[in-house]
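A.B. asks: If you scroll down you'll find the structure; I have some questions about it.
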Amino acid sequence: MGLVDTFFNLRVLGQTWPLLLEGLRVTILLGVTSIVLGIAGGLLLALLRLYGPKAVRSGAAGYIDLFRAIPLLVLLVVIYYALPFVGIRLTSFAAATAALSLVSSAYAAEIFRAGIEAVPSGQFEAARAIGLHWWPMMRLVVLPQAVRIVVPPMTGNCINVVKDTALASVVAMPDLLKQATQAQALAANPTPLIGAALVYIALLLPLVRLVARLERRFAAASR
């Protein structure tokens, strides 16, 4: 059997394509859910780290440092396989979502913190001068400017979350990689794995190009 028949067998790909599509659906659902929760949690953590009481700031900083340091695979295994020993049982989807969101929120928090700190101090002073209290100042003045700053790095973080969904296969999550692995075993041919790789590229390459365009646009606007 030659290279093409082994790795690019269209007959095998056609037979296993429904499995790959089902895995893609699960991957997209898992990725979108984790991204939304990660961004919301990251914004909250950033605000707590910057403006909370001292104990809260220390706790937020500790959380961010811990979940940026812990390997995602280890966290997945702990949540799915260890928590049942203390009476907490999660489905594979819930466990994967929790692990991805916990890690994603830690990275998103640092991105938001950098964006908020990049807003000129004059904007804070001007908001206070017109009588805005803390939350209206953040909502109307600071966060809109910070969000514009963090769009490129946050988009990059979202890409990493989608790629990391592939690790969910270790907790029996029927994502794209898991389905491709099963299809490979059924067909006794690695073509489904190549197909899954091509699907990941088709899904993520436009986002990678979008990040590059956003970075160039914002760099030009800042000059």
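The values are calculated or read from the model by the stated rules, or taken from the named source; none is laboratory data. Quantities reported herein were computed from a predicted structural model and do not represent experimental measurements. A quick note on method: Cβ atoms are made from the backbone with ideal geometry, for glycine too, and the neighbour counts reach across all protein chains shown. Protein only, heavy atoms only, side chains kept; ligands, DNA and RNA dropped before computing areas. Shrake-Rupley method; radii C 1.70, N 1.55, O 1.52, S 1.80 Å.
A.B. asks: Can you tell me which residue is most open to solvent (accessible area, probe 1.4 Å) among those in the stretch 101-124 that are more than 22 Å from Leu29 (Cα to Cα) and within 13 Å of the chain's Cα centre (by Cα)?
C.D. replies: Filtering first and then ranking leaves Ile111.
A.B. asks: Which members of the stretch 70-100 meet the condition of being buried (at least 16 other Cβ atoms within 10 Å of the Cβ) and either polar (S, T, N, Q) or farther than 23 Å from Val32 by Cβ (or both)?
C.D. replies: Listed by number, the residues that qualify are Val77, Ser92, Thr97.
A.B. asks: Any idea which residue in the stretch 199-223 is farthest from Thr27 (Cα to Cα), counting only those that are open to solvent by 80 Å² or more (accessible area, probe 1.4 Å) and either of a type in the set (S, T, N, Q) or modelled with pLDDT under 90 (or both)?
C.D. replies: Arg223
A.B. asks: With respect to Gly42, is the statement that it is at pLDDT below 95 and within 20 Å of Ala146 (Cβ to Cβ) true?
C.D. replies: Criteria not met by Gly42.
A.B. asks: Scan Thr181, Thr191 and give me the residue that is polar (S, T, N, Q) and open to solvent by less than 20 Å² (accessible area, probe 1.4 Å).
C.D. replies: Just a single option satisfies the conditions, and that option is Thr191.
A.B. asks: Please pick out the residue among Leu19, Leu47, Leu37, Leu30 that is open to solvent by less than 70 Å² (accessible area, probe 1.4 Å) and closer than 20 Å to Val151 by Cα.
C.D. replies: Leu47
A.B. asks: Right, another one. Suppose the filter is touching a Ser or Thr at 6+ places or on another chain (Cβ under 6 Å) and either open to solvent by less than 40 Å² (accessible area, probe 1.4 Å) or under 19 Å from Leu43 (Cα atoms) (or both); does Val150 pass it?
C.D. replies: For Val150, the condition - touching a Ser or Thr at 6+ places or on another chain (Cβ under 6 Å) and either open to solvent by less than 40 Å² (accessible area, probe 1.4 Å) or under 19 Å from Leu43 (Cα atoms) (or both) - is not met.
A.B. asks: While we're here: List the helices (runs of 4 or more DSSP H) that sit entirely inside the stretch 1-69 and contain at least 2 residues that are in contact with a helix residue (DSSP H, G or I) (Cβ under 7 Å, 6 or more places away or on another chain).
C.D. replies: Qualifying helices (runs of 4 or more DSSP H): 10-51, 54-69.
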